[in-house]
Amino acid sequence: MTLSQKTLTGGVGATKDITVTVTPDGAPQAVNAVSSNEKVATVVKKSDGVYTITNLAAGAATITFSTNGISSTLAVTVNAG
C-alpha cells in the first residue's frame, strides 16, 4: 500500500485529498482509515482510493490506512490560524 504523501501540514479548515494505492492489482481494495485525534484532523472516504483529510484544530494527528494486514500512516500537523 502506498500513499500519495506521508506528511501533511496546513492551517485550520484546510482540506487535502490523499490517494491510497493498494498493490498488487486485483488485491482487495477495502481500506480502513482512522484518525488518532479526530479533534485535530478527520478522514473521510471520497471515492475508491481517495480520502479527504480535514484539519479541524491546531495540533497533530496520525491517519492510519489499513487493509489485508498492511498499514501506512500519514502524519498530520495543523497550524493555528
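The values are calculated or read from the model by the stated rules, or taken from the named source; none is laboratory data. Everything numeric here is computed off the predicted structure, so don't read it as measured data. Glycine gets a Cβ as well: all are built from the backbone with ideal geometry, and neighbour counts include every protein chain shown. Protein only, heavy atoms only, side chains kept; ligands, DNA and RNA dropped before computing areas. Shrake-Rupley method; radii C 1.70, N 1.55, O 1.52, S 1.80 Å.
From the residues in segment 19-30 that are open to solvent by 30 Å² or more (accessible area, probe 1.4 Å) and not in a strand (DSSP E or B), which one is farthest from A75 (Cα to Cα)?
So, considering only residues that are open to solvent by 30 Å² or more (accessible area, probe 1.4 Å) and not in a strand (DSSP E or B), the one farthest from A75 (Cα to Cα) is G26.
Can you tell which of G11, G49, G59, G26 is free of Cβ contacts under 8 Å to residues at least 12 places away in the same chain and among the small types (G, A, S)?
The match here is G26.
Can you name every residue in segment 1-18 that is in contact with a Phe, Trp or Tyr (Cβ under 8 Å, 6 or more places away or on another chain) and either surrounded by 17 or more Cβ atoms within 10 Å (Cβ to Cβ) or modelled with pLDDT of 95 or more (or both)?
Of everything in segment 1-18, those that are in contact with a Phe, Trp or Tyr (Cβ under 8 Å, 6 or more places away or on another chain) and either surrounded by 17 or more Cβ atoms within 10 Å (Cβ to Cβ) or modelled with pLDDT of 95 or more (or both) turn out to be L3, D17, I18.
In segment 7-18, which residues are farther than 17 Å from T67 by Cβ and either among the aliphatic types (A, V, I, L, M) or outside any strand (DSSP E or B) (or both)?
If the condition is that a residue be farther than 17 Å from T67 by Cβ and either among the aliphatic types (A, V, I, L, M) or outside any strand (DSSP E or B) (or both), then L8, V12, G13, A14 are the ones that fit.
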